[in-house]
Structures are given as structure tokens and as C-alpha cells.
Amino acid sequence: MNARLSSVDMPVPDARAESAARARQQQLTKPPGSLGRLEDLACWFAARLRTPIPQISRSEIFVFAGDHGVAARGVSAFPQSVTGQMLGNFANSGAAINVLASLEGARIEVVDVGVAGDQEAPSGVRREKVRAGTRDLFVEAAMTDEELSLAMSVGERCAREAAQRGAQVLIAGDMGIANTTAAACLICAFTNTAPDQVVGRGTGVDDVGLARKREVVAGALARAGTAVGVTDVSKLQEGSDRSRAARKLFAQLGGLEIAAMAGLYIEGARNGVPLVLDGFISAAAALAAVMLEPGALRWMMASHRSAEGGHSVALRALGLEPLVDLGMRLGEGSGAALSLPIIKAALALHRNMATFTSAGIDGATE
């Protein structure tokens with residue numbers, strides 16, 4: 001196992017800053033709790049940015065792209081070629097995440113971790129290709145352990161570079177035809193949940209396609225469980241045994257872009273940068289990251305609830321409550337980017353509202 005996944009150097013949020021932020025919330029000119037979760041958001045960021053009155057001036061978004069061998073089994077409504085074509089769309093600022101990032105002035109970088117084919121990545125797309133797509137997880141391991149390590153290291157490098165630039169929020173997005181199949185496998189494996197509760201329509205498969213997708217996930221889980229020798233990793237105690245089993249399952253069932261996302265989450269947490277999760281694929285990557293490094297969880301917050309039903313399963317396992325539910329299921333980091341204005345509003349209220357004392361207003365008598 002990669003020694004860099006040790007929890008020894010994982011930082012802890014600043015409880016003193018959070019306590020001071022909660023005390024300030026009680027002094028602002030409003031009934032306590034009247035701003036609901038916006039108050040909790042401000043305090044959450046106070047603890048992680050280590051100041052009672054936090055402010056976000058730099059957010060960074062990384063969209064990791066990779067293809068999946070299991071796409072050949074008809075689990076997606078779109079052909080595999082779309083992954084590579086979308087790289088050009090990202091490069092030309094034509095995707096949803098480009099629009100949302102520009103609204104917030106967030107830096108965005110698109111990273112080719114494993115898009116199928118040998119074509120050069122479009123200008124502006126970072127080339128970090130580990131291999132040209134994963135293997136078919138229905139019949140064999142999607143990645144070798146070395147490939148998993150290499151893909152995770154891509155995300156780790158991105159997180160370190162962002163932290164060095166002063167990023168205060170990290171968002172990981174995804175692009176990969178058939179990656180909801182890989183993500184569903186991981187969520188089922190890490191939560192011991194049946195495929196019919198996790199597998200959704202993804203890009204919009206019909207009823208026949210959905211049934212086929214569930215069969216593929218069930219078959220992949222059975223094959224991987226036999227290969228790894230673990231039927232329920234969620235019951236293993238935190239520590240080296242669970243991490244080793246989770247890592248093996250990750251290589252068996254995951255995706256190159258999902259591995260890069262998990263690497264970004266672990267390294268982002270290690271660098272003390274708040275992590276805003278996106279949807280279904282992001283949650284699978286987050287589960288993998290937490291299985292490998294439990295301390296990463298305290299740096300994660302959920303932006304939205306995906307329309308993919310399995311997302312709720314993953315969020316429950318992580319113990320996270322999303323900010324919004326808009327019926328989205330796009331990926332790319334779009335839901336997380338959409339949450340940035342809400343987060344900034346929470347921090348602005350916390351920072352700029354008057355206190356009862358400064359406004360000369362009587363506070364509550366009880």
C-alpha cells in the first residue's frame with residue numbers, strides 16, 4: 001500500500017475557530033438559528049480555514065476524464081467516443097462546468113487520466129494518461145494496483161499544486177462514459193448494498209438497459225469479491241486490513257478518473273483544503289478515499305443530492321447531508337460548482353452582518 005496514505009499527517013479542523021464562529025453567530029442581528037444551515041456552513045469553514053471569520057477568494061475545479069472497458073456491455077446510452085469528444089468541449093469552454101466555473105471565477109483544469117485512444121488531448125487539457133481506459137470490470141480487474149496508484153497520484157499532484165496556489169476549496173469533477181457503472185460497483189462494495197438499490201439510469205438508459213446494467217454490476221461484484229476474498233469490506237475495522245481490502249476492490253471495480261478524484265480528496269485533506277463533493281461519481285470516489293484514509297472525511301461536505309438513487313446510499317455511508325436537491329445528475333463537478341454561491345453567501349452573512357452591540361439593538365431576553 002502506498003505509504004503516503006498514512007493517517008499520521010492528516011490535519012484536524014480548528015475547533016477553537018469553529019467555537020468562536022458559533023459565538024459570533026449568536027451575536028448577529030437575527031434570532032439564533034434563523035439562517036438555518038447557512039450558519040453551520042460558516043462555522044464549518046471557520047474550522048477548516050482556521051479563522052473565526054472565514055472568506056473564500058480562490059476555488060479550484062479539476063475535471064478528470066477516463067474511459068471504461070465495461071462500456072462495451074451496453075451500460076450507457078452514449079458511445080464511448082463521447083468521452084474524448086467532451087475533452088474538446090471542455091477545452092472550448094462549452095460544457096456546463098465551464099459556465100458555472102466562470103460565474104464564480106473558479107480556476108478549472110481538465111485532466112485526461114485515461115481516455116480511450118491514442119489521440120493527442122486538445123490544447124488546454126492536461127495529459128496525465130495512465131492507460132487508454134480501464135479493462136472490462138465484468139470479467140477482470142479494471143486496473144492493476146500499479147495503475148490505481150498512478151491514477152491516484154495524478155489527483156494527489158493536482159491537489160498539492162492547488163494548495164500551493166492558495167486554493168481554499170477543491171472540487172473534483174468527472175467525465176467518462178460508463179463511469180456510473182464503475183461508481184455503482186464501488187458504492188455497492190463499500191456499503192454492502194444490493195445493486196438494485198444503487199444502480200440507476202446514468203446517461204438515460206431504458207428499462208432494458210437498466211436491467212442489463214444491474215446484471216453487469218451484480219456479476220462484477222461477485223467476481224471481485226471472489227478475487228479479493230472479502231464479501232463485506234464495510235464490516236472490517238478501520239486499519240490496515242480494511243484499507244488493503246478496499247484498495248484491492250478499488251482496483252477491481254473502479255475507474256482511472258475515479259481514482260484520480262480519490263487521490264485529490266486524500267491529498268486535499270492532507271493539505272487542509274476543504275473538499276466540496278459533487279454527485280454520484282464523486283461520492284464513490286469519496287467513499288474510496290475514506291476507506292483508504294478515514295481522516296479525509298472531516299474535510300468533506302456534500303453539495304447536492306444526485307437524481308441517481310445510489311447517491312443517497314453513499315451519502316448515508318459518509319454521514320453527509322447535501323446542501324440542495326435539484327434533481328441533477330450531470331457530473332463534471334456541476335453540482336459542487338453550483339453550491340459555491342451558497343457557501344459564499346453564508347460566509348458573507350457571517351462576516352458582514354452587524355452584531356446586536358454594534359447596531360445598538362437589544363438582544364434576546366431569554
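Data overview
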{"quantity": "Per-residue HN-Hα couplings for the stretch 184-201 [Karplus 6.51, -1.76, 1.60; θ = phi - 60°; Hz; x = Gly/Pro]", "calculated": "4, 4, 5, 5, 4, 5, 7, 10, 6, 10, 5, x, 5, 9, 10, 6, x, 7"}
{"quantity": "Two-site FRET efficiency, residue 9 against residue 135, from Cβ-Cβ distance with R₀ of 45 Å, rounded to 0.05", "calculated": "0.85"}
{"quantity": "Environment charge of residue 121, counting only residues whose C-beta is closer than 15 Å and scoring Lys/Arg +1, Asp/Glu -1", "calculated": "-3"}
{"quantity": "Cut-off 14 Å between beta-carbons: net charge of the residues surrounding residue 52, Lys and Arg +1, Asp and Glu -1", "calculated": "+3"}
{"quantity": "Accessible area expressed per residue, the chain, with surrounding protein chains retained (probe 1.4 Å, Å²)", "calculated": "39 Å²"}
{"quantity": "Dimensions (Å) - the stretch 317-366, Cα atoms, principal axes, largest first", "calculated": "48, 23, 17"}
{"quantity": "DSSP bridge pairs, the stretch 4-155: antiparallel proportion in percent, nearest 5", "calculated": "0 percent"}
{"quantity": "For residue 279, net neighbour charge (Lys/Arg +1, Asp/Glu -1) across residues whose Cβ lies under 13 Å away", "calculated": "-3"}
{"quantity": "Tilt relative to the chain, helix 280-292 - C-alpha long axis, 0 to 90 degrees, to 10", "calculated": "90 degrees"}
{"quantity": "Among 59, 243, 123, residue whose mean-square fluctuation peaks in a GNM of the chain (springs only between Cα atoms under 10 Å)", "calculated": "123"}
{"quantity": "Nearest-ten-degree value, helix 37-49 long axis tilted from longest Cα axis of the chain", "calculated": "80 degrees"}
{"quantity": "D_trans [Stokes-Einstein, Kirkwood Rh over alpha-carbon pairs] for the stretch 39-134, 37 °C, 0.692 mPa s, µm² s⁻¹", "calculated": "212 µm²/s"}
{"quantity": "Distance violations [Cα-Cα > 29 Å] among 129/248; 129/235; 248/344", "calculated": "129/235; 248/344"}
{"quantity": "Computed accessible area, residue 120, all protein chains, 1.4 angstrom probe, square angstrom", "calculated": "140 Å²"}
{"quantity": "Rounded FRET efficiency, nearest 0.05, which uses the C-beta distance separating residue 362 from residue 215 and R0 of 56 Å", "calculated": "0.25"}
{"quantity": "Relative contact order, percent, the stretch 12-87 [alpha-carbon distance under 8 Å, six or more residues apart]", "calculated": "31 percent"}
{"quantity": "Compactness of the stretch 221-366 - radius of gyration and Dmax, Cα, Å", "calculated": "19.1, 69"}
{"quantity": "Whole-percent carbon and sulfur share, accessible surface of the chain, 1.4 Å", "calculated": "50 percent"}
{"quantity": "Cα-based helix-to-principal-axis angle, 81-91 vs the chain, degrees rounded to 10", "calculated": "30 degrees"}
{"quantity": "Most fluctuating residue given options 53, 171, 258, as computed from a GNM of the chain linking Cα atoms under 10 Å", "calculated": "53"}
{"quantity": "Fraction of antiparallel bridges per DSSP, the chain only, in percent to nearest 5", "calculated": "5 percent"}
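The values are calculated or read from the model by the stated rules, or taken from the named source; none is laboratory data. Since the model is a prediction, treat every value here as computed from it, not as a measurement. All Cβ positions, even for glycine, are placed from backbone atoms using ideal geometry, and neighbour counts span all protein chains on display. When the accessible area is computed, the model is the full protein with side chains, heavy atoms only, and any ligands, DNA or RNA have been set aside. Shrake-Rupley method; radii C 1.70, N 1.55, O 1.52, S 1.80 Å.
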